[in-house]
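The values are calculated or read from the model by the stated rules, or taken from the named source; none is laboratory data. Bear in mind that the values here come from a model prediction, so they are computed numbers and not experimental data. Glycine also receives a Cβ, built like all others from the backbone with ideal geometry; neighbour counts cover every protein chain displayed.
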Amino acid sequence: MMANIIDGKKLSSEIKQFVKKEVAELKDKGIEVGLAVVIVGNNAASRVYVNSKKKNCAELGIESREYALAEETTEQELLALVEKLNIDSKINGILVQLPLPKHIDEKKIIAAISPLKDVDAFHANSVGKIMIGDYDFLPCTPAGCMDLIHSTGVDVCGKHCVVVGRSNIVGKPMAMLLLHESGTVTICHSKTTNLAEICRQADILVAAVGKANIITADMVKPGAIVIDVGMNRLENGKLCGDVDFENVSKVAGHITPVPGGVGPMTIATLMKNTMIAAKLQNNLMTLK
Ligand code: NDP
């Protein structure tokens, strides 16, 4: 039996329709929603993401302002830009595209972003709120994954959820969101010794590693929900996830494709967060 393919494109366009409506209503109140997108250097993948974010802003009526800085930009210069954007009333959300060049300390830059404009939810303030369950901004990729899981109609409560990957931007917050919905959560990483065995116990399996085909069919419990966060560029230029889609889709109950799964949901959540930021800054919503 073939798994149900979870359509991230369709779900993300529904979220974006909702955001578009909200943005238009804000405009009627005289509030323009604005996102600053900062990119440093010439990372090809970052360029693709930034272009896509700008395109989505334009579609939804959000003003986007791009700051494309040279690779040689110093940490001080970048910090000065963030400070300027923090007090710019036309900017509701600040997105600094990662990774940054090696000579810039990412942690310092993230810490400098005003928590009120932290639409990526990377700031320690946002992360702390996620930990205690009081979020203003949900981290974009994990929130998108939760929406994909919800779309299957399966209740997370009591399920064994296995998250492969423990990064601050995907794995860790993902595990926390699953825990908030009363999943029993296991987090795996590169030092996990029995990955296949643990994955096989998962009712909900989230792969966020960055290695093509690391999740194979023998690692998946029949009927499981498989969410593939990975984005890997193969030598032939094709994009693929962390999951061996062809074979895992014969075992899983629900599976996300790459592309067309988690990727579009990440961007839709970013758009939603930017709209929420505008509401917070205009006192149309209160901070948690
Ligand atoms: P990181 O490189 O920061 O983290 C990767 C994680 O995978 C680490 O925790 C690492 O463990 C773990 N890992 C590495 N090798 C293994 C292994 N053999 N077995 C088990 N775990 C392993 O990546 P990100 O979290 O930033 O991103 C993960 C993937 O998701 C990437 O492909 C990225 O491109 C993609 N991505 C996709 C997004 C989307 O919108 N679709 C958004 C963000 C990311 P350890 O901590 O021990 O090193």
Query raised in the report: Considering only helices (runs of 4 or more DSSP H) fully contained in region 165-255, which possess at least 2 residues that are under 20 Å from C140 (Cβ atoms) and more than 9 Å from the ligand (Cβ to nearest atom)?
Result: 171-180
Report summary line: Residue hits (region 226-244; surrounded by 22 or more Cβ atoms within 10 Å (Cβ to Cβ) and touching a Pro at 6+ places or on another chain (Cβ under 7 Å)) are none
Query raised in the report: How many of the residues making up region 176-219 are in contact with a Gly (Cβ under 6 Å, 6 or more places away or on another chain), within 16 Å of I149 (Cβ to Cβ) and surrounded by fewer than 22 Cβ atoms within 10 Å (Cβ to Cβ)?
Result: 1
Query raised in the report: Within region 246-275, can you find the residues that are more than 14 Å from the chain's Cα centre (by Cα), over 17 Å from K211 (Cα atoms) and buried (at least 23 other Cβ atoms within 10 Å of the Cβ)?
Result: A252, I255, M275
Query raised in the report: In this structure, does D155 turn out to be closer than 18 Å to K288 by Cβ, in a loop (DSSP other than H, G, I, E, B) and not small (G, A, S)?
Result: no
Query raised in the report: K16: surrounded by fewer than 17 Cβ atoms within 10 Å (Cβ to Cβ) and either among the charged types (D, E, K, R) or part of a strand (DSSP E or B) (or both), yes or no?
Result: no
Report summary line: Given (1) part of a helix (DSSP H, G or I); (2) in contact with a strand residue (DSSP E or B) (Cβ under 9 Å, 6 or more places away or on another chain); (3) not assigned by TED's automatic domain parsing to the domain that holds I227, C145 misses just (3)
**Report entry** Search result, residues across region 195-237 that are touching a strand residue (DSSP E or B) at 6+ places or on another chain (Cβ under 9 Å) and of a type in the set (S, T, N, Q)
**Finding:** Q201, N213, T216, N232
**Report entry** Matching helices (runs of 4 or more DSSP H) fully within region 33-133 where at least 3 residues are farther than 24 Å from M275 by Cβ and free of Cβ contacts under 8 Å to residues at least 60 places away in the same chain
**Finding:** 75-86, 106-112
